[in-house]
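The values are calculated or read from the model by the stated rules, or taken from the named source; none is laboratory data. Nothing here was measured: the structure is a model prediction, and the numbers come from that model. Cβ placement follows ideal geometry from the backbone for every residue including glycine, while neighbour counts extend to all protein chains displayed. We work out accessible area using only protein heavy atoms, side chains counted, and drop any ligands, DNA or RNA first. Shrake-Rupley method; radii C 1.70, N 1.55, O 1.52, S 1.80 Å.
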Amino acid sequence: MIKEIVVYPNDILTTPTKKTDLKTDQKLAVEMFKTLKQEGGLGLSANQIGEDKSVCVIDVTNPFFLLNPVITKKQKEIIYKEGCLSIPDKMITTGRYERIEVEADNVEGTMIFGPEKDNQVDNDLLILESVCVQHEIDHLNGKTIYDREFKRESFRRTEKKIGRNEKVTIKKEKETLTMKYKKAIPYLEKGWVINGY
(Lines give C-alpha, C1' and ligand atoms only; values in the text may rest on other atoms or scores of the structure.)
Protein backbone atom coordinates (compact mmCIF):
# COMPACT_ATOMS: atom_id res chain seq x y z
CA MET A 1 0.00 0.00 0.00
CA ILE A 2 1.36 3.41 -1.03
CA LYS A 3 1.58 5.85 1.89
CA GLU A 4 1.28 9.62 1.90
CA ILE A 5 4.46 11.61 2.55
CA VAL A 6 4.44 13.86 5.64
CA VAL A 7 5.49 17.38 4.64
CA TYR A 8 7.66 19.68 6.78
CA PRO A 9 6.91 21.37 9.17
CA ASN A 10 5.29 18.56 11.15
CA ASP A 11 6.11 17.47 14.72
CA ILE A 12 6.63 13.84 13.70
CA LEU A 13 9.59 14.93 11.54
CA THR A 14 11.32 16.66 14.46
CA THR A 15 10.70 13.98 17.10
CA PRO A 16 13.07 10.99 17.45
CA THR A 17 11.39 7.70 16.50
CA LYS A 18 10.87 4.70 18.78
CA LYS A 19 12.89 1.50 18.47
CA THR A 20 11.06 -1.38 16.84
CA ASP A 21 11.56 -5.05 15.94
CA LEU A 22 11.94 -7.02 12.72
CA LYS A 23 8.85 -9.17 13.22
CA THR A 24 6.63 -6.09 13.43
CA ASP A 25 8.19 -4.05 10.70
CA GLN A 26 9.20 -6.15 7.70
CA LYS A 27 5.74 -5.40 6.25
CA LEU A 28 6.26 -1.68 6.93
CA ALA A 29 9.59 -1.78 5.06
CA VAL A 30 7.84 -3.31 2.01
CA GLU A 31 5.22 -0.52 2.05
CA MET A 32 7.99 2.05 2.37
CA PHE A 33 9.83 0.65 -0.67
CA LYS A 34 6.60 0.83 -2.70
CA THR A 35 6.07 4.43 -1.59
CA LEU A 36 9.71 5.31 -2.33
CA LYS A 37 9.41 3.89 -5.86
CA GLN A 38 6.16 5.77 -6.46
CA GLU A 39 7.71 9.05 -5.26
CA GLY A 40 10.96 8.54 -7.21
CA GLY A 41 13.14 9.09 -4.13
CA LEU A 42 16.37 7.46 -2.96
CA GLY A 43 15.52 7.01 0.71
CA LEU A 44 12.58 7.14 3.09
CA SER A 45 12.18 6.95 6.86
CA ALA A 46 9.12 5.65 8.71
CA ASN A 47 8.26 9.02 10.28
CA GLN A 48 8.04 10.50 6.74
CA ILE A 49 4.93 8.36 6.29
CA GLY A 50 3.60 9.09 9.77
CA GLU A 51 4.97 5.96 11.53
CA ASP A 52 6.80 6.49 14.83
CA LYS A 53 9.27 3.65 14.21
CA SER A 54 13.02 3.53 13.68
CA VAL A 55 12.99 2.05 10.17
CA CYS A 56 14.38 3.51 6.94
CA VAL A 57 14.74 2.25 3.37
CA ILE A 58 17.45 3.20 0.88
CA ASP A 59 17.69 2.49 -2.85
CA VAL A 60 20.81 4.00 -4.44
CA THR A 61 23.07 1.12 -5.52
CA ASN A 62 20.87 -1.72 -4.17
CA PRO A 63 17.66 -1.58 -2.12
CA PHE A 64 18.01 -2.33 1.60
CA PHE A 65 16.37 -1.32 4.87
CA LEU A 66 17.77 -0.52 8.31
CA LEU A 67 16.09 -1.23 11.62
CA ASN A 68 17.09 0.94 14.62
CA PRO A 69 20.25 2.15 12.82
CA VAL A 70 23.10 3.99 14.55
CA ILE A 71 26.11 5.66 12.93
CA THR A 72 29.19 4.39 14.80
CA LYS A 73 31.97 6.04 12.78
CA LYS A 74 32.29 9.08 10.45
CA GLN A 75 35.18 10.01 8.15
CA LYS A 76 36.07 12.94 5.91
CA GLU A 77 33.74 15.95 6.16
CA ILE A 78 32.15 17.07 2.89
CA ILE A 79 29.68 19.66 1.65
CA TYR A 80 26.68 18.22 -0.22
CA LYS A 81 23.47 19.45 -1.85
CA GLU A 82 20.41 17.52 -0.72
CA GLY A 83 16.73 17.32 -1.44
CA CYS A 84 14.04 15.65 0.67
CA LEU A 85 10.62 14.14 -0.12
CA SER A 86 9.23 15.88 3.00
CA ILE A 87 10.64 19.25 1.89
CA PRO A 88 9.56 19.30 -1.78
CA ASP A 89 11.19 21.56 -4.39
CA LYS A 90 14.08 22.62 -2.12
CA MET A 91 17.77 21.82 -2.29
CA ILE A 92 19.82 22.54 0.83
CA THR A 93 23.63 22.63 1.07
CA THR A 94 24.57 20.40 3.99
CA GLY A 95 27.62 19.32 5.95
CA ARG A 96 28.03 15.52 5.77
CA TYR A 97 30.64 12.76 5.85
CA GLU A 98 31.99 10.88 2.86
CA ARG A 99 32.31 7.55 4.64
CA ILE A 100 30.32 6.17 7.57
CA GLU A 101 29.91 2.93 9.50
CA VAL A 102 26.45 1.87 10.64
CA GLU A 103 25.07 -0.78 12.96
CA ALA A 104 21.43 -1.88 12.71
CA ASP A 105 19.33 -4.59 14.39
CA ASN A 106 18.56 -6.34 11.09
CA VAL A 107 22.23 -6.50 9.98
CA GLU A 108 25.05 -8.63 11.38
CA GLY A 109 28.18 -6.64 12.13
CA THR A 110 28.84 -3.21 10.64
CA MET A 111 27.79 -1.78 7.28
CA ILE A 112 30.22 0.63 5.61
CA PHE A 113 29.01 3.33 3.21
CA GLY A 114 31.13 5.56 1.01
CA PRO A 115 34.24 5.00 -1.13
CA GLU A 116 37.28 3.16 0.22
CA LYS A 117 39.71 5.07 -2.01
CA ASP A 118 39.67 8.55 -3.53
CA ASN A 119 39.82 7.42 -7.15
CA GLN A 120 37.18 4.72 -7.40
CA VAL A 121 35.11 4.82 -10.59
CA ASP A 122 31.79 4.78 -8.72
CA ASN A 123 32.86 7.30 -6.03
CA ASP A 124 30.00 9.74 -6.70
CA LEU A 125 27.39 6.98 -6.35
CA LEU A 126 28.97 5.61 -3.17
CA ILE A 127 29.13 9.11 -1.64
CA LEU A 128 25.48 9.67 -2.63
CA GLU A 129 24.52 6.42 -0.88
CA SER A 130 26.49 7.40 2.23
CA VAL A 131 24.80 10.83 2.35
CA CYS A 132 21.41 9.20 1.80
CA VAL A 133 21.94 6.85 4.77
CA GLN A 134 22.99 9.82 6.95
CA HIS A 135 19.90 11.74 5.77
CA GLU A 136 17.50 8.92 6.68
CA ILE A 137 19.13 8.18 10.05
CA ASP A 138 18.82 11.91 10.78
CA HIS A 139 15.09 11.66 10.09
CA LEU A 140 14.81 8.79 12.57
CA ASN A 141 16.57 10.99 15.13
CA GLY A 142 14.16 13.88 14.53
CA LYS A 143 16.52 15.93 12.36
CA THR A 144 15.99 17.35 8.86
CA ILE A 145 18.33 18.80 6.25
CA TYR A 146 17.67 22.21 7.82
CA ASP A 147 19.52 20.97 10.93
CA ARG A 148 22.53 20.04 8.77
CA GLU A 149 22.49 23.19 6.65
CA PHE A 150 25.98 24.40 5.82
CA LYS A 151 26.37 28.13 6.35
CA ARG A 152 29.20 30.33 5.17
CA GLU A 153 29.78 31.60 8.73
CA SER A 154 32.64 29.13 9.04
CA PHE A 155 34.47 31.20 6.40
CA ARG A 156 33.75 34.57 8.03
CA ARG A 157 36.57 34.03 10.53
CA THR A 158 38.89 33.57 7.57
CA GLU A 159 37.54 36.67 5.81
CA LYS A 160 38.86 38.87 8.61
CA LYS A 161 42.37 37.56 7.97
CA ILE A 162 42.20 37.48 4.17
CA GLY A 163 41.19 40.44 2.01
CA ARG A 164 38.63 39.78 -0.72
CA ASN A 165 41.18 40.62 -3.43
CA GLU A 166 44.07 38.82 -1.77
CA LYS A 167 45.34 35.74 -3.62
CA VAL A 168 44.86 32.37 -1.95
CA THR A 169 45.79 28.82 -2.86
CA ILE A 170 42.98 26.33 -2.37
CA LYS A 171 43.11 22.57 -2.56
CA LYS A 172 40.86 19.54 -2.79
CA GLU A 173 42.52 16.14 -2.67
CA LYS A 174 45.45 16.38 -5.15
CA GLU A 175 44.17 19.43 -7.05
CA THR A 176 45.27 23.00 -6.19
CA LEU A 177 44.18 26.38 -7.58
CA THR A 178 45.35 29.95 -6.94
CA MET A 179 42.89 32.85 -7.22
CA LYS A 180 41.49 35.92 -5.45
CA TYR A 181 39.73 35.05 -2.19
CA LYS A 182 36.34 36.39 -3.38
CA LYS A 183 36.46 33.99 -6.37
CA ALA A 184 37.48 31.10 -4.10
CA ILE A 185 34.35 31.29 -1.90
CA PRO A 186 32.14 29.08 -4.18
CA TYR A 187 34.92 26.45 -4.20
CA LEU A 188 35.16 26.57 -0.39
CA GLU A 189 31.43 25.83 -0.23
CA LYS A 190 32.06 22.69 -2.29
CA GLY A 191 34.61 21.29 0.13
CA TRP A 192 37.85 22.95 -1.04
CA VAL A 193 40.11 24.29 1.70
CA ILE A 194 42.57 27.18 1.85
CA ASN A 195 46.18 26.08 2.19
CA GLY A 196 47.47 26.84 5.65
CA TYR A 197 44.02 27.12 7.35
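Structure data summary
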quantity	calculated
Selected residue (only one of ILE145, ILE112, ILE127, ILE71 is crowded, with 16+ Cβ neighbours inside 10 Å, in a strand (DSSP E or B), of a type outside the set (S, T, N, Q) and touching a residue at least 12 places away in the same chain (Cβ under 8 Å))	ILE71
Scope segment 44-71; condition touching a Cys at 6+ places or on another chain (Cβ under 6 Å) and over 12 Å from ALA29 (Cα atoms); matching residues	VAL60
Residue match in segment 101-109 (condition: part of a loop (DSSP other than H, G, I, E, B) and loosely packed, with under 14 Cβ neighbours inside 10 Å)	yes
Residue match in segment 168-175 (condition: touching a helix residue (DSSP H, G or I) at 6+ places or on another chain (Cβ under 6 Å), at pLDDT below 90 and crowded, with 19+ Cβ neighbours inside 10 Å)	yes
Restricting segment 5-31 to residues that are closer than 16 Å to HIS135 by Cα and of a type outside the set (Val, Ile, Thr), the residue that is least open to solvent (accessible area, probe 1.4 Å)	LEU13
Candidates ILE87, ILE49, ILE71, ILE78, filtered to the one that is over 17 Å from the mean Cα position of the chain (by Cα) and of a type in the set (A, V, I, L, M)	ILE49
Complete set of residues in segment 48-68 that are touching a residue at least 12 places away in the same chain (Cβ under 8 Å) and surrounded by fewer than 16 Cβ atoms within 10 Å (Cβ to Cβ)	GLY50, ASP52, THR61, PRO63
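Yes or no, residue by residue, for (1) of a type in the set (A, V, I, L, M); (2) at pLDDT below 80:
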| residue | (1), (2) |
| --- | --- |
| HIS135 | no, no |
| ASP147 | no, no |
| SER154 | no, yes |
| ILE194 | yes, no |
